[in-house]
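Enquirer: Pasting a structure here, questions to come.
The values are calculated or read from the model by the stated rules, or taken from the named source; none is laboratory data. Because the structure is predicted, anything quoted here is derived from the model rather than measured. Here the Cβ is made from the backbone with ideal geometry for all residues, glycine too, and neighbour counts use every protein chain on show.
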Amino acid sequence: MAAAVARPSVGRRHDSLFLSVFPKTTFTTPTPESTPNIGTIGSPNVPFGGFGSFTNETDESVRHTRAWSAATRFLALPVRSEDASNSIDEDVLEAFSYLLRSGQSRKDLAAWYANEIGVHFRGVVLPGFQEGWPVPIRLTEADEILRITLQMLQNARHYYIDRLDGLTSRLQSTVSGSSAAPFSAQAQRSFHTLVLHSLPRARLQKTLAGVIYQHLEQSFQQLSNPEKCLKEGQCQCKLDLSHLPLQDLHEVGLGGLTGERAFAHAVHRFLQGPAIERRCFQVDWTGHQSVLAKLSSWVSRQLVPQVGQALATLKGDRDMQLSPNDARQLVSIAVNNIGHMRTSSLFDYVKMWPRSTGAIQDIWEYLNLGTQADKARVCRSFSEQIQRRLLHAGASTSEILGVYVNVIHAFKALDGRGVLLEKVAVSIRNYLRARDDTVTIIAASFLADIDGEDYIATTEIDRVCPDIAMEVSKTALGGSRESQMLNWDDMQWIPDPIDAGPDYRPSRSEDVVAQVLGLIDQEDFIKAITNVLAQHLLHTTDYSYVKETRLVELLKSRLDATNLQDVDVMLKDMRDSVALGKRINPSFSYTLDAVAAVPTPKEIQAAIPEGGITLTSLYKLFERRIKGPQFTAAVKLVAIKRTDLYYPKRTRIPMESTAVASNQHTTDFKAQVLSSHFWPELRSDEFDMPQILQSLQQSFEQRFQALGSQRRLHFRPALALVSIRLALEDRIIEETDVPAWRASVIDAFQRDDESVALTAERLTDMLQMEEALVVDALNFWTSKGVLYQRSPGTYAVLESLDMDVAPIQQHLQPVDDMVSAVKSQDAMFKESAPMFETFIANMLRNQGAKEIGGMMGITSLLKMVLPSFTYGDEEVVWLLAEMEKKGQVKRNDGEKWSIAT
């Protein structure tokens, strides 16, 4: 039979092992005031008996016990502080003198007193903290709760520690005096440890940081004077930290690592907000200078000394000072914070360039003092901002292009090498390339008229980017990118930066114009600029063509000159037309004043001052617009001569006199002879021109043939521009450079013998004009107050503004692109649509069903066989939809199309 053996449990065995290494400490209670010693003659009021001295080991033990009893009775902490024994008699001094001589007895006594403090603290002091600290503390209540807590801890410290000060001072003259101070310090450390372990450390640190931050902010607001700082050009705002309870925090044990972390967190938060957000360090919008130098100076002169002094008080070291490295760290924190703040608004600063140069300078200094991670952070933050605030359907292409130009300027100011620009511009470039109107707007911006320094003279601002137009006007001719990048004799060449990406291109010769041209395909841009230039040349009144010539030379220096042959021919046609016009009609002046109308008598009357004017001085105002005899006759109608001066008449000028004067106006005719092969496809609408223009056209043809030219002229009425002067009963209306179809329509109202009211259908038959042009003309003259609707759809001349006209109704819808002399891509596509449809039908009939996309799709085959087809899948989808409506094709399963059976 096997014997049963009792085995200890695993948990009990582990406890035994732990206690064998770390034995449990037991603490005795203080012994009574007098304890009898049996076998000896009793001595009243003397612990453990006692006559004579102790000589043997047993007697030494009794002496130690007696001293221990006296010391612990003195150190004992009753629940009520008034019951504590604070009297220091000779027995207490002798007991402490004896116990403090030995290191072991001093250690045991310190451990006993630490336990006594712990028992009293947990039983009496700690329950008072249960009202505030167990739950999260609101910031508004933190200051009050911390004040109450510090008061309770100060009372406890006074009860535990201050009572030892008298004992220490009494023992200074004894042999154990040197050991009394370490004993008191050990007791204070035990108290500090007990305090830290009794409060929730994370909540305590957060609350301390919040209270310190509130005190910092309030002190800063009271001692700051931003107006004075701005006048002196240097920040003089002061900071006072002496009112913080730092000394109290140190005394109760909260000034150690927890207090330092809380103070550091408060200072860091202070440098993130109030320290850098005040007016002293706002963006310099006038001087365009960086404010980081002022910020660094303020941190070094004001903040660093105050922080050093506060930390010395918090740690209890009055001689402590911040090291130079710590001071540099505070400056670096302030600079980084203001750099982060500027970076968060970088998109706004880019949009406001160059007024925001000061903010860009701040970021530049921040990056120079930072690392590669700071540069990456700036690029990442700006990319997120433009994705959220710019690259969306709500922003126009013109606006995006303007921001892109500012991005080039701002990021070249941040990094002259162009590395940062390449990193942030990729998303903008990709987005602009995906927009359909990017090429058109860029081309139109190259030819936009600039009025002054920062104003674009155009009414269609969404179709022009003012920033690109400004850059083109300031760009010097020559200096192509390829020639500079391949200059082997360039002694200033430097290698690419080590942090450059794979798509990096050196930007020393990449100006804004080159960056913009790099956005789009060169062939597409040349096609667009050709169309825009053609439209511009047909409508310009500046016959010197200086700006146009400069633009062509600029494009030749940046693009392949062989692809700009059509542009050269267009410019040559315009110059030849000017020379031809001077030969055919020598009296016509090709100047800006050539289109000025003859002044009316009313205009001459308005120019005569009340005080009178001589005839010579008055004629100087109109000498380029009217001949001398004609001017003298008009003056007699509107002025009275007294001595040598002419004064305005007070009577109204008769309308018949005005009409007579207007009839004396001579009609000027100027034609532009174009080489049709080199120009874009122009409008070819045919209609009946006014009789006076037809006679002038025939006269020009005869004179042109008389010069011996072998070319045959073909007039295109849709391209003609006419300046009109209409004399109505109570007013005169003048319009310059209106399309010829509008002149034909208004002329029809004075040459129609059947009725004074005409409809759009009647005008279409009379003038042999397309209905869309008639609609555009009727809407134009109705908006000018020349025509009105007598009845719905019937128009008549509004001779007088006081006529009783019934309120009508609706206007016909005009066609927006009719003003353009060059056919739009959409118009050209729709004109060629029948040819494309025929080719698609034959393709599907011969080769079977096909998809739209792909290498052998319908779009690819159209481009391969028809050079005139320069469109994409969207246009092919439109063609197939039209053919499907006609029953010619059908959609099969999936995306394939085939002939309808």
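Enquirer: Which condition breaks for Leu146 when tested against (1) in a helix (DSSP H, G or I); (2) farther than 30 Å from Val299 by Cα?
Expert: (2)
Enquirer: Given the options Ser356, Ser345, Ser396, Ser383, name the one that is touching a helix residue (DSSP H, G or I) at 6+ places or on another chain (Cβ under 7 Å) and surrounded by fewer than 17 Cβ atoms within 10 Å (Cβ to Cβ).
Expert: On inspection, the qualifying residue turns out to be Ser396.
Enquirer: Among what's in region 199-215 and is of a type in the set (D, E, K, R) and surrounded by 14 or more Cβ atoms within 10 Å (Cβ to Cβ), pick the residue that is farthest from Gly132 (Cα to Cα).
Expert: Lys206
Enquirer: Quick one: which of Arg355, Arg342, Arg429 is within 20 Å of Asp467 (Cα to Cα), in contact (Cβ under 8 Å) with a residue 12 or more places away in the chain and not in a loop (DSSP other than H, G, I, E, B)?
Expert: Working: Arg355 fails: not in a loop (DSSP other than H, G, I, E, B); Arg342 fails: within 20 Å of Asp467 (Cα to Cα).
None of the others qualify; the one that does is Arg429.
Enquirer: Restricted to region 126-137, and to residues that are without any contact (Cβ under 8 Å) to a residue 60 or more places away in the chain and surrounded by 12 or more Cβ atoms within 10 Å (Cβ to Cβ), which residue is farthest from Val211 (Cα to Cα)?
Expert: Gly128
Enquirer: Considering Thr258, Thr286, which residue is β-branched (Val, Ile, Thr), out of contact with any Phe, Trp or Tyr (no Cβ under 6 Å at 6 or more places or on another chain), in a loop (DSSP other than H, G, I, E, B) and in the same structural domain as Thr313 (by TED's automatic domain parsing)? Break it down stepwise before answering.
Expert: Values: Thr258 fails: in a loop (DSSP other than H, G, I, E, B).
Within the list Thr258, Thr286, the selection yields Thr286.
Enquirer: Another question, then. Against the definition (in a helix (DSSP H, G or I) and either of a type in the set (Ser, Thr, Tyr) or assigned by TED's automatic domain parsing to the domain that holds Glu227 (or both)), how does Val350 come out, yes or no? Quick ask: steps written out before the conclusion?
Expert: On the way: in a helix (DSSP H, G or I): yes; either of a type in the set (Ser, Thr, Tyr) or assigned by TED's automatic domain parsing to the domain that holds Glu227 (or both): no.
For Val350, the condition - in a helix (DSSP H, G or I) and either of a type in the set (Ser, Thr, Tyr) or assigned by TED's automatic domain parsing to the domain that holds Glu227 (or both) - is not met.
Enquirer: Could you list, in sequence order, the residues of region 202-255 that are in contact with a Pro (Cβ under 8 Å, 6 or more places away or on another chain) and of a type outside the set (Asp, Glu)?
Expert: Residues satisfying the conditions are Arg203, Leu216, Phe220, Gln221, Cys237.
Enquirer: Scanning for something closer than 28 Å to Asp240 by Cα, of a type in the set (S, T, N, Q) and either part of a helix (DSSP H, G or I) or not assigned by TED's automatic domain parsing to the domain that holds His265 (or both), does region 312-320 turn up at least one residue?
Expert: Yes, region 312-320 has at least one match.
Enquirer: Of Val578, Val552, Val569, which residue is modelled with pLDDT under 85 and β-branched (Val, Ile, Thr)?
Expert: Being modelled with pLDDT under 85 and β-branched (Val, Ile, Thr) holds for just one of Val578, Val552, Val569, which is Val578.
Enquirer: Has region 689-697 got any residue that is in a helix (DSSP H, G or I), touching a residue at least 40 places away in the same chain (Cβ under 8 Å) and surrounded by fewer than 16 Cβ atoms within 10 Å (Cβ to Cβ)?
Expert: Yes: one or more hits.
Enquirer: Are any residues in region 447-478 modelled with pLDDT under 55 and surrounded by 15 or more Cβ atoms within 10 Å (Cβ to Cβ), and if so, which ones?
Expert: Across region 447-478, the qualifying residues are Ile456, Thr458.
Enquirer: Taking Thr140 as the residue in question, decide whether it is buried (at least 18 other Cβ atoms within 10 Å of the Cβ), of a type outside the set (A, V, I, L, M, F, W, C) and part of a helix (DSSP H, G or I).
Expert: Values: buried (at least 18 other Cβ atoms within 10 Å of the Cβ): no; of a type outside the set (A, V, I, L, M, F, W, C): yes; part of a helix (DSSP H, G or I): yes.
No, not satisfied.
Enquirer: Follow-up question, since we're still on this one. Check Lys823 against each of (1) modelled with pLDDT of 75 or more; (2) basic (Lys, Arg); (3) under 44 Å from the mean Cα position of the chain (by Cα) and name the one condition it does not meet.
Expert: Checking Lys823 against (1) modelled with pLDDT of 75 or more; (2) basic (Lys, Arg); (3) under 44 Å from the mean Cα position of the chain (by Cα), the one that fails is (1).
Enquirer: Within region 219-228, how many residues turn out to be exposed (fewer than 13 other Cβ atoms within 10 Å of the Cβ) and of a type in the set (S, T, N, Q)?
Expert: Number of matching residues: 2.
Here's the yes/no breakdown for (1) surrounded by 15 or more Cβ atoms within 10 Å (Cβ to Cβ); (2) touching a residue at least 24 places away in the same chain (Cβ under 8 Å); (3) of a type outside the set (Val, Ile, Thr); (4) part of a helix (DSSP H, G or I):
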| position | (1), (2), (3), (4) |
| --- | --- |
| His197 | no, no, yes, yes |
| Glu217 | yes, yes, yes, yes |
| Leu230 | no, yes, yes, yes |
| Gln234 | no, yes, yes, no |
| Ala266 | yes, yes, yes, yes |
| Leu271 | yes, yes, yes, yes |
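Enquirer: Pick out the one residue from Val291, Val307 that is surrounded by 17 or more Cβ atoms within 10 Å (Cβ to Cβ), over 24 Å from Ile360 (Cα atoms) and touching a residue at least 40 places away in the same chain (Cβ under 8 Å).
Expert: Checking each option against the conditions leaves just Val307.
Enquirer: Hey, among Asp804, Asp776, which residue is surrounded by fewer than 17 Cβ atoms within 10 Å (Cβ to Cβ) and either at pLDDT below 75 or in a helix (DSSP H, G or I) (or both)?
Expert: Sole residue among the options that is surrounded by fewer than 17 Cβ atoms within 10 Å (Cβ to Cβ) and either at pLDDT below 75 or in a helix (DSSP H, G or I) (or both): Asp804.
Enquirer: Being assigned to a strand (DSSP E or B) and in the same structural domain as Met803 (by TED's automatic domain parsing) is true for just one of Thr736, Thr764. Which residue is that?
Expert: On the way: Thr764 fails: assigned to a strand (DSSP E or B).
None of the other options fit; the residue is Thr736.
Enquirer: Still on this model: Does Thr207 satisfy the criteria of being of a type in the set (Val, Ile, Thr), outside the structural domain of Glu141 (by TED's automatic domain parsing) and either in a loop (DSSP other than H, G, I, E, B) or modelled with pLDDT of 80 or more (or both)? Explain how you work it out, then say what you get.
Expert: Details: of a type in the set (Val, Ile, Thr): yes; outside the structural domain of Glu141 (by TED's automatic domain parsing): yes; either in a loop (DSSP other than H, G, I, E, B) or modelled with pLDDT of 80 or more (or both): yes.
Criteria met by Thr207.
Enquirer: Considering only residues that are under 24 Å from Lys527 (Cα atoms) and under 42 Å from the mean Cα position of the chain (by Cα), which ones fall in region 835-862?
Expert: Result: Thr859, Ser860.
Enquirer: Here is a further query. Among the residues of region 559-567, is any under 34 Å from the mean Cα position of the chain (by Cα) and without any contact (Cβ under 8 Å) to a residue 60 or more places away in the chain?
Expert: Yes: one or more hits.
Enquirer: What's the number of the only condition in (1) of a type in the set (Gly, Ala, Ser); (2) closer than 28 Å to Glu875 by Cα; (3) within 16 Å of the chain's Cα centre (by Cα) that Ala434 fails to meet?
Expert: The failed condition is (3).
Enquirer: Which of the numbered conditions does Ser97 fail, given that it passes all the others? Conditions: (1) buried (at least 18 other Cβ atoms within 10 Å of the Cβ); (2) at pLDDT 85 or above.
Expert: All conditions are met except number (2).
Enquirer: Sticking with this structure for a sec: Restricting attention to region 326-338, does a residue exist that is under 23 Å from Ala413 (Cβ atoms), within 33 Å of the chain's Cα centre (by Cα) and not in a helix (DSSP H, G or I)?
Expert: Going through region 326-338, the residues under 23 Å from Ala413 (Cβ atoms) turn out to be 332, 334-338.
Next cut, within 33 Å of the chain's Cα centre (by Cα) only: 332, 334-338.
After this cut, where a residue has to be not in a helix (DSSP H, G or I) as well, the list is none.
The answer is no; no qualifying residue exists.
Enquirer: Here is a follow-up. Which numbered condition in (1) outside any loop (DSSP other than H, G, I, E, B); (2) surrounded by fewer than 16 Cβ atoms within 10 Å (Cβ to Cβ); (3) not acidic (Asp, Glu) is the only one that Ile408 fails?
Expert: Ile408 satisfies every listed condition except (2).
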